[in-house]
Amino acid sequence: MKIVICFLGLVRTLEQTFENIKENLYDNSNSITTIFVTWETENTDIFKKYFPDAKIFTVPVVTKESTDFLLWKKNSVMHFWWLKTFGDNNNALFMYYRQIYLWEKSTKILDEMNDIDIIVRARTDITTSGKKIKEYYNQINDNTTFFPNSPRFAIVSDKGCPDQVFFGSKQSMLYLLKIKDNVNYLYNKYKQPVQPESSLYCHVVDKELILKYMDNSITIIREKGFSKEK
């Protein structure tokens with residue numbers, strides 16, 4: 001199979017996580033391409049050190065004054081967990097918007113890549129414990145999506161999709177990574193605040209994709225002095 005492992009976001013704690021990431025996501029029985037989609041202001045030297053064959057794509061930085069963000073956030077309310085972390089509704093919505101904005105930008109790159117069987121969305125600051133993610137690659141089909149079993153920080157605990165790493169077919173993943181333009185629809189349909197794991201779960205259910213949880217869990221590895229503004 002041809003697999004694309006797509007790292008999205010910032011380069012965080014990769015020195016502490018790269019061995020675990022390679023052990024859990026990479027195998028020798030499939031053809032694997034690594035790409036990294038990040039902001040044009042991000043220093044990618046550390047990423048290149050650990051993934052020298054990766055293709056790196058950069059995206060212009062967005063701001064709270066961006067027209068698209070101002071339209072996107074209209075009438076939306078972020079879940080109180082994010083408000084506790086990021087201070088107010090506008091800032092919390094923007095931090096989430098930045099994440100899924102990069103997701104959407106990655107779809108244009110991924111869509112142009114031919115003959116992809118599986119796309120994996122990943123972050124650099126995670127480790128996986130339990131069954132290895134790569135052990136599930138052979139269970140893929142067009143409508144199945146795989147997520148870690150925990151932690152599910154969702155509005156309803158059993159109805160959340162951990163979004164730090166997940167995978168599916170190219171068709172399914174291109175849909176899931178385009179959640180940005182579907183958040184307001186989900187917000188209005190399901191009558192709940194915007195909350196990343198819950199919104200992603202609703203996005204999966206709304207498309208009637210088959211949702212499977214792997215027998216593993218994710219730990220986010222934070223740097224000392226981590227800034228919630230970064």
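A short reminder: the numbers here are calculations on the coordinates, not readings from a lab. Quick caveat, the model's predicted, so the values are computed rather than measured. Cβ sites come from the backbone with ideal geometry, for glycine too, and all protein chains shown count toward neighbours.
Of LYS55/LYS212; LYS48/LYS191; LYS84/LYS180; LYS49/LYS131, which pairs sit farther than 32 Å apart, going by alpha carbon to alpha carbon? Result: LYS48/LYS191 exceed 32 Å. By definition, a body whose alpha carbon gyration tensor gives a ≥ b ≥ c is oblate when a/c is 1.5 or more and a/b is not larger than b/c, and the stretch 115-230 fits this oblate description. For LYS159, the aspartates and glutamates whose Cα comes closer than 12 Å to its Cα, not counting residues fewer than 8 places off in the same chain, are GLU197. Treating each Cα of the stretch 1-104 as one equal point scatterer and applying the Debye formula with no solvent, the log10 of I(q)/I(0) at q = 0.19 Å⁻¹ comes out as -1.00. Sparsely packed loop sites in the stretch 138-230 (the GluC sites (Glu not before Pro) outside DSSP H, G, I, E and B with at most 14 other Cβ atoms within 10 Å) comprise GLU208, GLU223, GLU229. When you filter the trypsin sites (Lys or Arg not before Pro) in the stretch 1-100 for DSSP loop state and at most 11 other Cβ atoms inside 10 Å of their Cβ, you are left with LYS74. Applying the criteria of a DSSP loop state and at most 14 other Cβ atoms within 10 Å to the trypsin sites (Lys or Arg not before Pro) of the stretch 141-182 yields no site. The dipole here belongs to the chain: it is taken about the Cα centre, uses +1 on the Cβ of Lys and Arg and -1 on the Cβ of Asp and Glu, and is about 500 debye. Given in Å, the Rg to one decimal and the Dmax to the nearest whole number for the Cα atoms of the chain are 16.7, 48. For the stretch 35-103 versus the stretch 139-185, the inter-centroid distance based on Cα atoms is 18 Å.
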